[in-house]
Amino acid sequence: MKIFCYGVIDIEEPYAQAWGKANNVEVGTTSEALTADTAKLAKGYDGVSSKGIAPVTEEAYATFEKFGIKQLAVRQVGVDNQDVAAASKHGITLTNVASYSPRAIAEMGVTQAMYLLRHIGEYQARMAAGNFTWDASMSSTEIFNCTVGLIGAGHIGGATAQIYSALGAKVLTYDPFYDAGLEPYTTYTDLETIFKEADIISLHTPLLPSTKNIINAAALKKMKSNAILINMARGELVDTQALIDALKTKEIAGAGLDTLANEVGFFRLEKPYAETPKDFQELNAMPNVIVTPHVAFFTKLAVKNGLEIALNDAKDIIDGKHSRHAVN
Ligand code: NAD
């Protein structure tokens, strides 16, 4: 059996080869993303796997169908860049990895919140200018005196609830799906209460029509002036311009963003800074904002689990078995 993997990053390569050896499967890899053009690289393979957020269009699935390939194992949670209907039309079963290390993403969100809460970026900006003073605007709050509002509490939001709860924070959650298992760590409430009461608002929903721009100008206006917004989920959950305006007018105090609505085209690439989008440059220049290039998942355990779970699914489907991670 032969499986071809797209979007392979350097630390995945040894895990890919070790999995291939253990399962007697030849694993081919490329760092290139799956596109209509790169789909042809899978010629001669029995199955495929991809990772990344660049849109995958019908041509890629049609090419796989022509090669006799019946599945595409996505090595990540989100399949919002896939055309699920087109995949089905071409007989391609898509699988995702619903949970590879929720703690990895949860911990990045908490890390960014703590950095912003203690104004570390602001101190660094002042010191870089030779200013070692501080003032009332830099005073802070202990986490155990904070109210944290989670929007979405599945795998990652649930792990985030557990961490904040362990730190002593009051944790509120808005999620239409109630999970009794989270009761020890959080109190379910409505979105309005979260906007009004939370000192830290952390987003953990998928990108859906119901969640697109869930943080818009109206939502930002309802938040506390000391509120910190954390988005480890998808950029499109936030109206970026409205966020920039709210930060400039001090409607909210800071933002930690691992993802931006327009990140495809520069995240994971090297570019002259001047060619990066203006809204990114504006955010990146603010000492009370952290932008990271979609790396919340990036721990060794998460990468290893993501690869192994996806390739196990690919192998099962090629062998004619069912995968419980099928999304179509
Ligand atoms: P999950 O499916 O386990 O949980 C998502 C939760 O969102 C569910 O409980 C669902 O009921 C809830 N939800 C759906 N619609 C909602 C709405 N309108 N309002 C509030 N809650 C709503 O997903 P997960 O594993 O926790 O991942 C969440 C998201 O994080 C993914 O969809 C992905 O976009 C993103 N993600 C980012 C990274 C990264 O590296 N930054 C890594 C993995 C996942």
Problem - Partner aspartates and glutamates for LYS278 [C-alpha distance under 19 Å; skip if fewer than 8 residues away on the same chain] - result: GLU236, ASP239, ASP245, ASP258, GLU263, GLU270
Completion exercise
Within the chain, the percent of DSSP beta bridges that are antiparallel, given to the nearest 5, stands at 5 percent
Fill in the blank from the handout: With +1 at each Lys and Arg Cβ and -1 at each Asp and Glu Cβ, the charge dipole magnitude of the chain around its Cα centre, to the nearest 20 debye, comes out at 280 debye
Practice task
For the stretch 75-145, build the charge dipole from Cβ charges (+1 Lys, Arg; -1 Asp, Glu) around the Cα centre, then report which of VAL110, PHE144, ILE92 sits farthest towards its positive end.
Solution key: ILE92
Practice task
Filter the cross-link list LYS2/LYS300; LYS43/LYS304; LYS89/LYS271 down to pairs whose alpha-carbon distance in this structure exceeds 29 Å.
Solution key: LYS89/LYS271
Practice task
For SER50, list long-range residues whose amide hydrogen, built 1.01 Å from N in the peptide plane, is under 5 Å from its own amide hydrogen.
Solution key: TYR6, ALA73, VAL74, ARG75
Practice task
When a/c is below 1.5 the answer is rounded, else prolate if a/b is larger than b/c, else oblate, so apply that to the stretch 102-291 with a ≥ b ≥ c taken from the square roots of the Cα gyration tensor eigenvalues.
Solution key: oblate
Practice task
Per DSSP H run of n ≥ 4, the term is -39500 (n - 2.57); total these for the chain, divide by its residue number, and report the mean residue ellipticity at 222 nm rounded to 500 deg cm²/dmol.
Solution key: -10000 deg cm²/dmol
Fill in the blank from the handout: If one builds a Gaussian network model of the chain from Cα atoms under 10 Å apart, the most fluctuating residue listed among ALA296, ALA125, ALA180 is ALA180
Handout entry: For TYR188, distant residues with modelled amide H under 5 Å away
Key = THR173
Handout entry: Whole-Å distance, taken between Cα centres, linking the stretch 271-328 and the stretch 184-199
Key = 28 Å
Practice task
For the stretch 211-223, take each phi angle, set θ = phi - 60°, evaluate the Karplus expression 6.51 cos²θ - 1.76 cosθ + 1.60, and give the result in whole Hz per residue in order, putting x for glycine and proline.
Solution key: 10, 4, 6, 4, 9, 10, 4, 5, 5, 4, 5, 7, 6
Fill in the blank from the handout: Row for the stretch 170-219, column shape: gyration tensor on C-alpha, a ≥ b ≥ c, rounded if a/c < 1.5 i.e. under 1.5, prolate if a/b over b/c, else oblate; value oblate
Completion exercise
In whole percents, the bins of 10 Å from zero upward hold the Cα-Cα pairs of the chain as 6, 25, 30, 23, 13, 4, 0
Problem - Per DSSP, loop trypsin sites (Lys or Arg not before Pro) in the stretch 1-61 with at most 13 further Cβ within 10 Å - result: LYS43
Handout entry: Given charges at Cβ of Lys, Arg, Asp, Glu: the chain dipole, positive-most of TYR164, SER50, ASN262
Key = SER50
Practice task
Report the residue, chosen from GLY149, GLY130, GLY78, that carries the largest GNM mean-square fluctuation when the chain is represented by alpha-carbon nodes joined by springs under 10 Å.
Solution key: GLY130
Fill in the blank from the handout: Treating only Lys and Arg (+1) and Asp and Glu (-1) as charged, each at its beta carbon, one finds that the stretch 261-328 has a dipole about its Cα centre, in Debye to the nearest 20, of 220 debye
Handout entry: Signed unit charges on C-beta, dipole axis of the chain, positive-most listed residue HIS155, HIS119, PHE67
Key = PHE67
Fill in the blank from the handout: For GLY256, the residues 5 or more places away or on another chain with a placed amide H closer than 5 Å to its own amide H are LEU229, ILE230, ASN231, ILE290
Handout entry: Qualifying trypsin sites (Lys or Arg not before Pro) for the stretch 269-322 [loop in DSSP, other Cβ within 10 Å: at most 14]
Key = LYS321
Exercise for the section: Would you work out if the stretch 105-146 is rounded, prolate or oblate? Take a ≥ b ≥ c from the square roots of the eigenvalues of the alpha-carbon gyration tensor; rounded if a/c is under 1.5, else prolate when a/b is larger than b/c, oblate otherwise. Expected result: oblate
Handout entry: For the chain: relative contact order, % (alpha-carbon pairs under 8 angstrom, 6 or more apart)
Key = 18 percent
Problem - Choice from GLN241, GLN71, GLN162 with maximal GNM fluctuation in the chain (Cα, 10 Å cutoff) - result: GLN241
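Values quoted throughout were computed directly from the atomic coordinates according to the rules given, and no laboratory measurement underlies them. Quantities reported herein were computed from a predicted structural model and do not represent experimental measurements. Reconstructed Cβ throughout: ideal geometry from the backbone, glycine too, with neighbour counts over all protein chains shown.
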